[in-house]
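The structure under discussion appears below in the form of structure tokens.
The values are calculated or read from the model by the stated rules, or taken from the named source; none is laboratory data. All values reported here derive from a predicted model rather than from experimental measurement. Here the Cβ positions follow ideal geometry from the backbone for every residue, glycine too, while neighbour counts run over all protein chains shown. For accessibility, only protein heavy atoms count, side chains too; no ligands or nucleic acids. Shrake-Rupley method; radii C 1.70, N 1.55, O 1.52, S 1.80 Å.
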Amino acid sequence: MEWSVLKQEVDLGANGVIEWLNNEYGRLRSGRVSINVLDVVRPHIYGESLPLNQVANIQIVDSRQIIVKPYDRSQIHDIAKAISASPLGVTPQISTDVIRLSFPAQTEENRKINVKKAKEFLETAKTKLRGVRKHVQDIYKKSSSGVSEDLVHYFEEELNKAIKHYNEQLESLFQKKEIELMKV
């Protein structure tokens, strides 16, 4: 099997890991609140548990406040109930047709906790990347019977280069997120 085919497999798996890490980092709250923090809220509407962005318009007002405007005003209390039950730690304030969410300012302690969470996500991503490496090695071993040692060595070298490149990308994402989280 050619390295180019296996490289595509590495790229596909590694890009999935990077996408996962970016999604997890998007949920971590930095100095400015993000709409992604509401991804965990799934109100029970129309007999189903739906993502909040499918039942309401979400807007960021300022760095610590979000407004949620339900598409159907009759669902406002169900949405507020789901927000209260979520692990966000905010109390929804209901006005006529909108729900206001005011997030507290980030303390130094909260920022450090979030950096620890970001580091845990990084370690999980590295573990997933090792899984991608193992998967590609297994594919190669199944298809490489009777291949010369030079070709096996070449494959291992190229695989190590690719995985090292993606590990560096993961580290870079973590460093950027750490700076963002610690910014006051």
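Of the residues that make up segment 49-70, is at least one open to solvent by 60 Å² or more (accessible area, probe 1.4 Å) and either under 30 Å from VAL147 (Cβ atoms) or assigned to a helix (DSSP H, G or I) (or both)? Yes; the residues of segment 49-70 include at least one that is open to solvent by 60 Å² or more (accessible area, probe 1.4 Å) and either under 30 Å from VAL147 (Cβ atoms) or assigned to a helix (DSSP H, G or I) (or both).
Scan SER74, SER84 and give me the residue that is of a type outside the set (Val, Ile, Thr), open to solvent by 40 Å² or more (accessible area, probe 1.4 Å) and closer than 30 Å to LEU181 by Cβ. Break it down into steps so the answer makes sense when it comes.
Values: SER74 fails: closer than 30 Å to LEU181 by Cβ.
Only one candidate qualifies: SER84.
Applying the selection to segment 12-37, what residues are outside any loop (DSSP other than H, G, I, E, B), at pLDDT below 90 and open to solvent by less than 60 Å² (accessible area, probe 1.4 Å)? Within segment 12-37, GLU24, TYR25, GLY26, VAL37 qualify. Can you confirm whether segment 38-47 contains a residue that is loosely packed, with under 12 Cβ neighbours inside 10 Å and in contact with an Asp or Glu (Cβ under 7 Å, 6 or more places away or on another chain)? No, segment 38-47 contains no residue that is loosely packed, with under 12 Cβ neighbours inside 10 Å and in contact with an Asp or Glu (Cβ under 7 Å, 6 or more places away or on another chain).
Looking across segment 129-155, the residues that are part of a helix (DSSP H, G or I) and open to solvent by 80 Å² or more (accessible area, probe 1.4 Å) come down to ARG130, LYS134, HIS135, LYS141, LYS142, GLU149, ASP150, LEU151, HIS153, TYR154. All conditions in (1) open to solvent by 50 Å² or more (accessible area, probe 1.4 Å); (2) in contact with a helix residue (DSSP H, G or I) (Cβ under 9 Å, 6 or more places away or on another chain); (3) under 24 Å from LEU52 (Cα atoms) hold for GLU171, with the sole exception of (3).
State the number of residues belonging to segment 90-106 that are open to solvent by less than 70 Å² (accessible area, probe 1.4 Å) and either among the polar types (S, T, N, Q) or within 24 Å of the chain's Cα centre (by Cα) (or both). Let's see the steps before the verdict.
Taking segment 90-106 first, the residues open to solvent by less than 70 Å² (accessible area, probe 1.4 Å) are 90, 92, 95, 97-99, 101-103, 105-106.
Then keep just the ones that are either among the polar types (S, T, N, Q) or within 24 Å of the chain's Cα centre (by Cα) (or both); that gives 90, 95, 101-103, 105-106.
Residues meeting the conditions: 7.
GLU158 meets each of the listed conditions (1) more than 18 Å from ASN15 (Cα to Cα); (2) open to solvent by less than 80 Å² (accessible area, probe 1.4 Å) apart from (1).
Would you pick out the residues in segment 79-115 that are assigned to a loop (DSSP other than H, G, I, E, B), of a type outside the set (A, V, I, L, M) and without any contact (Cβ under 8 Å) to a residue 60 or more places away in the chain? Give the derivation first.
In the first step, residues of segment 79-115 are kept if they are assigned to a loop (DSSP other than H, G, I, E, B); the result is 86-92, 95-98, 103-107.
Pick out the ones that are also of a type outside the set (A, V, I, L, M) and you get 86-87, 89, 91-92, 95-97, 103-104, 106-107.
Across segment 79-115, the qualifying residues are SER86, PRO87, GLY89, THR91, PRO92, SER95, THR96, ASP97, PRO104, THR107.
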